[in-house]
Amino acid sequence: MSVDSDGTEEPGWDVDPEDEQGAAVVAALGRQLKGWREAAGMRVADFGARIQYGEDQVRKVEAGKRIPRPEYLDRADEVLGARGQIASMRADLEQVRYPKKVRDLARLEGRAVEIGVYGIHVIHGLLQTAEHARALFEMRQPAYSKDEVERYVAARMARHSVFGREPAPALNFVQEEVTLRRPIGGTMVWRRQLEHLWEVSQLRNVALQVMPNNRQAHAGMDGSIEVLKFEDGAAVGRSEGAFHGRPVSDPKQLRILELRYGIIRAQALTPPKSRAFIEELLGET
């Protein structure tokens with residue numbers, strides 16, 4: 001969590017001006033918060049001190065220029081005696097607190113009844129621990145600010161709700177061996193990531209496979225693949241090595257991605273052998 005210059009916590013993240021939906025929701029929320037504060041007869045400085053946030057940050061939230069964290073709303077509700085009315089705004093906030101492209105992806109994953117993923121460079125986001133994800137975002141160039149890193153990590157972890165859905169979707173993952181061997185974040189972060197992969201592989205609706213380095217060639221050499229299928233029979237897919245990397249939903253194009261993914265799964269280690277491989281790696285760390 002980032003810290004303001006006066007030692008108080010920053011309340012959230014800057015609003016993306018290109019995210020019209022998000023900007024509108026945050027602006028409306030800011031107006032309501034300002035109305036509650038003024039009705040209570042509290043100055044911005046006094047209110048900020050009570051909820052332990054800087055005056056400048058409170059003004060940004062009320063002006064709709066800053067997305068508040070959920071705990072900001074909880075503290076405001078308590079200090080202003082709103083009896084849960086401000087805290088209830090968390091539901092609206094959850095819809096826009098993450099970047100639009102992440103929200104769109106999470107919405108698709110939340111609808112999917114089947115997800116098939118092949119990861120070639122890094123462990124897929126749905127499989128990453130928070131520590132692993134943070135290490136990856138901290139490596140990005142141009143560098144993200146600490147605030148941006150935390151926002152993207154929180155957004156990635158929120159997508160993990162797909163594992164708790166009922167009925168459970170079918171989740172299939174194929175990871176290149178190199179993604180499991182690269183010690184992203186250092187030895188302990190790497191080990192905890194491997195432990196997490198082993199635990200996820202035990203879930204009944206998850207098939208996790210490893211593509212070993214000793215495969216001379218396979219159908220995924222062109223790049224990563226992701227295919228999401230929905231209850232109504234529709235689907236969407238994307239691959240770095242097909243259709244210029246753009247998402248596709250045309251049945252003919254999807255068949256190409258599904259063909260490649262099916263061959264990849266056949267060429268990878270079986271789920272039991274993949275779990276054994278992960279155990280071997282854990283024994284080496």
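When L180 is tested against (1) under 15 Å from E280 (Cβ atoms); (2) touching a residue at least 24 places away in the same chain (Cβ under 8 Å); (3) open to solvent by 60 Å² or more (accessible area, probe 1.4 Å), only condition (3) is not met.
Among the residues of the range 225-240, the one identified as part of a loop (DSSP other than H, G, I, E, B) and in contact with an Asp or Glu (Cβ under 9 Å, 6 or more places away or on another chain) is E240.
Checked against (1) under 20 Å from Q128 (Cα atoms); (2) under 18 Å from the mean Cα position of the chain (by Cα), S201 passes all but condition (2).
Only a single item in (1) free of Cβ contacts under 8 Å to residues at least 40 places away in the same chain; (2) assigned to a loop (DSSP other than H, G, I, E, B); (3) closer than 24 Å to A168 by Cβ is not met by D222, and it is number (3). With respect to (1) at pLDDT 95 or above; (2) within 20 Å of the chain's Cα centre (by Cα), the lone exception for A276 is condition (2).
Scanning the range 71-119 for residues that are at pLDDT 90 or above and closer than 26 Å to L208 by Cα gives L108, E109, G110, R111, A112, V113, E114, I115, G116, V117, Y118, G119. Within the span defined as the range 154-176, one or more residues are among the aliphatic types (A, V, I, L, M), over 26 Å from G22 (Cβ atoms), in a loop (DSSP other than H, G, I, E, B) and in contact (Cβ under 8 Å) with a residue 12 or more places away in the chain.
The set of residues in the range 24-35 that are surrounded by fewer than 20 Cβ atoms within 10 Å (Cβ to Cβ) and either more than 28 Å from the chain's Cα centre (by Cα) or not small (G, A, S) (or both) comprises R31, Q32, K34, G35. Could you tell me which residue of the range 257-285 is farthest from Q175 (Cα to Cα), considering only residues that are surrounded by fewer than 12 Cβ atoms within 10 Å (Cβ to Cβ) and of a type in the set (A, V, I, L, M)? My answer is L259. A single member of E240, E195 is under 25 Å from the mean Cα position of the chain (by Cα), modelled with pLDDT under 95, farther than 20 Å from A112 by Cα and acidic (D, E), and it is E240.
Checking H124, H132 one by one, the residue that is open to solvent by 20 Å² or more (accessible area, probe 1.4 Å), of a type outside the set (F, W, Y) and within 28 Å of R260 (Cβ to Cβ) is H124 and no other. One residue stands out in the range 40-78 among those that are small (G, A, S) and free of Cβ contacts under 8 Å to residues at least 40 places away in the same chain: the one that is least open to solvent (accessible area, probe 1.4 Å), namely A45. With respect to the stated conditions, P167 is over 30 Å from V26 (Cβ atoms) and either touching a Cys at 6+ places or on another chain (Cβ under 9 Å) or surrounded by fewer than 20 Cβ atoms within 10 Å (Cβ to Cβ) (or both). Residues being among the polar types (S, T, N, Q) and surrounded by 20 or more Cβ atoms within 10 Å (Cβ to Cβ) are represented in the range 206-227 by at least one member.
The values are calculated or read from the model by the stated rules, or taken from the named source; none is laboratory data. Keep in mind that what you see is a predicted model, and the values were worked out from it rather than measured. Here Cβ is always computed from backbone atoms with ideal geometry, including for glycine, and neighbour counts include all displayed protein chains. Please note that ligands, DNA and RNA were not included when accessible areas were found on the heavy atoms of the full protein model with its side chains. Shrake-Rupley method; radii C 1.70, N 1.55, O 1.52, S 1.80 Å.
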